[in-house]
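Please treat every number below as a calculation from the coordinates, not as lab data. Everything numeric in this text was worked out from a predicted model, so none of it was measured. Counting neighbours? That spans all protein chains shown, and the Cβs are built from the backbone with ideal geometry, glycine included.
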Amino acid sequence: MVRKSPWILHYDGSSCNGCDIEVLACLTPVFDVERFGIINTGNPKHADILLITGSINEQNLPVVKQLYDQMPTPRAVVAIGACAATGGVFKDCYNVYGGVATAIPVDVYVPGCAARPENIIAGVVKALDVLENRRVKKSKPKKELSTRKNAKAKTTGGEE
Ligand code: SF4
């Protein structure tokens, strides 16, 4: 299900808006990612993938962490552009900590200043693999646990 219809949360950390315009371009009729079932949601509780542009600074650090914490698991983070990767042109500013990885774990980096829409879409496709791997990992221990429980129930002659 998630593999086919990922919902996206787009957050502008402290970008110049260059990368954000390219993210929005993905939604326009030229690229039209909605035809693949990719929906831009404003609610982190509905999002599978966080697309984040810009650097992490004193002001947005708690916001980024909170958005990430509110997303259900499995989740993936795509850092878009040079600023999201390292702080980019803003990295020497007095209040900038650096790229997105200074706040939350990043799964996919999309290069560019600004990042191209084609590369952003490719980044989302990579994030789908990350999500799928996490989904499989998340479901495995439960299966093993229930198998162990069933085996115990059989040997003790009852259900736990
Ligand atoms: S990577 Fe370039 S275009 Fe993107 S937010 Fe930074 S300065 Fe702007």
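Odds and ends about this structure:
- Cross-chain or 6+ apart pairs with Cβ under 8 Å, the range 106-135 first and within 15 Å of Gly54 (Cα to Cα) and assigned to a helix (DSSP H, G or I), then of a type in the set (A, V, I, L, M) and within 15 Å of the ligand (Cβ to nearest atom): Ile120/Val23; Ile120/Leu51; Ile120/Val78; Ile120/Ile80; Ile120/Val110
- Of the criteria (1) of a type outside the set (Lys, Arg); (2) outside any helix (DSSP H, G or I); (3) touching a strand residue (DSSP E or B) at 6+ places or on another chain (Cβ under 7 Å), which one Gln59 fails: (3)
- Pick from the range 1-42, criterion hydroxyl-bearing (Ser, Thr, Tyr) and either assigned to a helix (DSSP H, G or I) or in contact with a Gly (Cβ under 7 Å, 6 or more places away or on another chain) (or both), ranking: nearest to the ligand (Cβ to nearest atom): Ser15
- Considering residues of the range 6-27 that are aliphatic (A, V, I, L, M) and within 10 Å of the chain's Cα centre (by Cα) only, the residue surrounded by the fewest Cβ atoms within 10 Å (Cβ to Cβ): Ile8
- Pro74 vs. criteria under 19 Å from Ile8 (Cβ atoms) and surrounded by fewer than 22 Cβ atoms within 10 Å (Cβ to Cβ): yes
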